[in-house]
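Each reported figure results from applying straightforward, stated rules to the coordinates on display, with no laboratory input. Quantities reported herein were computed from a predicted structural model and do not represent experimental measurements. Ideal geometry is used to build each Cβ from the backbone, glycine not excepted, and the neighbour counts take in all protein chains shown.
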There are 2 protein chains.
Amino acid sequence: MVYELYYWPGIQGRGEFVRLALEEAAVPYVDIALVPEDKGGGVPAMEKVLADAALERPPFAPPFLKAGRRYIAQTANILLFLGNRLNLAPRDEAGRLWVHQLQLTITDFLVEIHDAHHPLGANFYYEEQKPESKRRSKDFREHRLPKFLGYFERVLQRNSAGGPGMVGARISYVDLSMAQVIAGLRYAFPLASRRELRKCPRLRALHDLVFARPRIKRYVASSRRLAFNNDDLFRHYPELDG
Amino acid sequence: MVYELYYWPGIQGRGEFVRLALEEAAVPYVDIALVPEDKGGGVPAMEKVLADAALERPPFAPPFLKAGRRYIAQTANILLFLGNRLNLAPRDEAGRLWVHQLQLTITDFLVEIHDAHHPLGANFYYEEQKPESKRRSKDFREHRLPKFLGYFERVLQRNSAGGPGMVGARISYVDLSMAQVIAGLRYAFPLASRRELRKCPRLRALHDLVFARPRIKRYVASSRRLAFNNDDLFRHYPELDG
């Protein structure tokens, strides 16, 4: 069985967290976003699934993963499913739930990162909500960003197994996601993230460690990895960086 | 072992989704929000856990559940943990992940319901973001509300087991959560929700069925159930209802 990942073409977005897990595990998968439309890929393929009235368990939105005949949606849920199968999660139930809990906290963090440039919602362009974005992103930089980063730094510090990641002695999928969040924050908020990450040596080290892993390095150097850009989740608008 | 639920006093909030599962299963639990501060409950008890430097796996935010010596956070994760133990989730892995996926979609819906009155974030009062709330809630009523409700109505319709709920032949925790969302929407957006729910007979029936269950009925009639109010997740501001 070859996994198929369905997501928007042209952006990393939430799909990237799934890609990093699949790449780290070196399992074969088809990234439908990279398959040309006339070869059955791209947006039409994704929309066909979303509109399929014969599907008993339809996804609400991308990303979703096709595994055999099943479609699994919600980024954190996809990673929960893949974690065991790709050997990127602890084996015990308590450890698995803890990794998932951290992933869900990253999910919340991502909503706030996104809403810093889209406080009125995704149905308005950034240009239609610039003053509101400035107010929200000021609060984000001053309160929410330090709160989230401080939390994850403490989690790294308290990992009693002394692993390089957040849980146990080995890297798990949530570490890959955390490294991606740090890369994204550095793109979107270079000033604010540098200031906050100065207090987070463990997060900086985790970022470096993840992006130095051979398979992740190979992936990032490949044409499969898209560049950060301003149609994406992480956006760089200097006026929002303080 | 007696579960302990930690959450903000005075509101239903996200804690209510956990309470409904515990009440439906009729397991003993302590609602720390209802325990007086001088008896070791309330906000200080919650903050003590959040600030406990000896905790290897700290919650980021309430609600969280104490189960034995573990603290489990993130509403959907708590329900994933409780689902099997309380017999409120399917037994097979695919079914469990599907119920969890739906719960995560409800989580996303709740963020948008909350942000309709707090688009600039929770650190500003509603009164400081009224014009922004009007813009965001108009988009919410016209696009997001119909999209989410339409999705869950389809899920009910496609449940091939013919159960009264979204998955399989029996009620699961996500059905309890869905009924609570409908009750909350009717409080917060009486006009907009009536208009949209007219097209969703299955969601209306699910709401009635859940709140007619003997244990849920007893709970709602008890002093443990707080009333909806405007310090809560669901808020009724007539100007946001169109």
message = Taking just the alpha-carbon atoms of the range A:100-194, what radius of gyration and Dmax come out, in angstrom?
response = 14.9, 48
query = Any idea which of A:W98, A:V43, A:G10 is furthest toward the positive side of the dipole for the range A:1-109, if Lys and Arg beta-carbons carry +1 and Asp and Glu beta-carbons -1?
reply = A:W98
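Averaged over A:65-74, how many beta carbons belonging to a partner chain fall within 10 Å of each residue's beta carbon?
3
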task = Put a label point 7 Å from Cα along the Cβ direction on A:N123, then list its distances to the equivalent points in the other copies in nm, shortest first.
result = 2.8
message = How many angstrom lie between the Cα centre of the range B:1-58 and the Cα centre of the range B:200-242?
response = 21
key: Cα gyration tensor shape of the protein assembly as shown, rounded if a/c is under 1.5, else prolate or oblate by comparing a/b with b/c   = rounded
task = Output the pairs from A:K66/B:K147; A:K130/B:K199; B:K66/B:K138 with a Cα-Cα distance over 31 Å in this structure; if there are none, say none.
result = A:K130/B:K199; B:K66/B:K138
inquiry  = Treating only the Cβ of Lys, Arg, Asp and Glu as charged (+1, +1, -1, -1), what charge dipole size does the protein assembly as shown show about its Cα centre? Round to the nearest 20 debye.
reply    = 780
query = Size of the dipole of chain B about the Cα centre, Lys and Arg at +1 and Asp and Glu at -1 on the beta carbon, nothing else charged, in debye to 20?
reply = 940
task = With springs only between Cα atoms under 10 Å apart, run a GNM on chain A and tell me which of A:R57, A:R194, A:R204 wobbles the most.
result = A:R57
remark   = One decimal, nm, nearest first: from A:P164 to the same residue in each other copy, label points 7 Å out along Cα→Cβ, the values are 5.4
Cα gyration tensor category, rounded, prolate or oblate, for the range A:3-85 with a/c compared to 1.5 = oblate
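In debye, nearest 20, what is the charge dipole magnitude of the range A:93-213 about its Cα centre with +1 on Lys and Arg Cβ and -1 on Asp and Glu Cβ, if you could check?
540
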ask   = Which aspartates and glutamates have a Cα less than 16 Å from the Cα of B:K134, not counting those fewer than 8 places away in the same chain?
value = A:E128, A:E132, B:E112, B:D115, B:E142, B:E239, B:D241
task = Arrange B:E196, A:E93 by Cβ neighbour counts within 10 Å, fewest through most, would you?
result = A:E93, B:E196
ask   = Stokes-Einstein at 10 °C, 1.306 mPa s, Kirkwood radius from Cα pairs: D for chain B in µm² s⁻¹?
value = 85
message = Relative contact order for the range A:93-213: what percent, with Cα pairs under 8 Å and sequence separation of 6 or more?
response = 21
ask   = If the cut-off is 17 Å between C-alpha atoms, which aspartates and glutamates fall inside it for B:K39, apart from same-chain ones fewer than 8 positions away?
value = B:E4, B:D31, B:E47
task = Count the DSSP beta bridges whose two residues both fall in the protein assembly as shown, then state the antiparallel fraction as a percent rounded to the nearest 5.
result = 70
ask   = So how far, in whole Å, is the C-alpha centre of the range A:174-198 from the one of the range A:82-104?
value = 23
query = When only Cα pairs under 8 Å and 6 or more residues apart are kept, what is the percent relative contact order across the range A:23-119?
reply = 13
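Counting only other chains, what is the mean number of Cβ atoms within 10 angstrom of the Cβ of each residue in peptide A:143-153?
Other-chain Cβ atoms within 10 Å of each residue's Cβ, averaged: 1.
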request  = Measure off 7 Å from each Cα along the Cα-to-Cβ vector at A:S222 and B:F124, then give the distance between these two points in nanometres to one decimal.
outcome  = 4.3
message = What does the copy distance list look like for B:D208, label position 7 Å along Cα→Cβ, in nm and ordered from shortest?
response = 6.4
key: Other protein chain Cβ atoms within 10 Å, averaged over every residue that makes up B:96-108   = 5
key: Percent RCO, i.e. relative contact order, over chain B, from Cα pairs under 8 Å lying at least 6 residues apart   = 21
